[in-house]
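The values are calculated or read from the model by the stated rules, or taken from the named source; none is laboratory data. All of these numbers come straight from a predicted model, not from anything done at the bench. Cβ placement follows ideal geometry from the backbone for every residue including glycine, while neighbour counts extend to all protein chains displayed.
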């Protein structure tokens, strides 16, 4: 499997969890500390940090530590790769539907001529 596929696998794995999707959505608004990101969730901080780790490994987020505070940022490149993949799929299916429409129109025209 190519690097593009491996990166997508990691992104889709990370986004398969609603907690991680919520974190990505929140970081779309701007940087936030791990404590701030964890606040809305009913789980212990060590459990939440595992979600942060999955997001970092998928390269959807980055974090930096200043003293005792870890701040996270959205890393948009892998998210953009997933978006491009969806766009490729959409274009492929649109083309298939166009071909089907053309075939159906041809069959209908042939039927009317017979």
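Details
- Residue pairs meeting the criteria (Cβ under 9 Å; at least 6 apart or on separate chains; first on the phi > 0 side of the Ramachandran plot, in segment 58-70; second assigned to a loop (DSSP other than H, G, I, E, B)): 59/75
Residues are listed down the side, and each one gets a yes or a no for (1) closer than 22 Å to residue 13 by Cβ; (2) modelled with pLDDT under 95; (3) over 18 Å from the mean Cα position of the chain (by Cα):
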site: 49; (1), (2), (3): yes, no, yes
site: 56; (1), (2), (3): yes, no, no
site: 77; (1), (2), (3): yes, yes, no
site: 96; (1), (2), (3): no, yes, yes
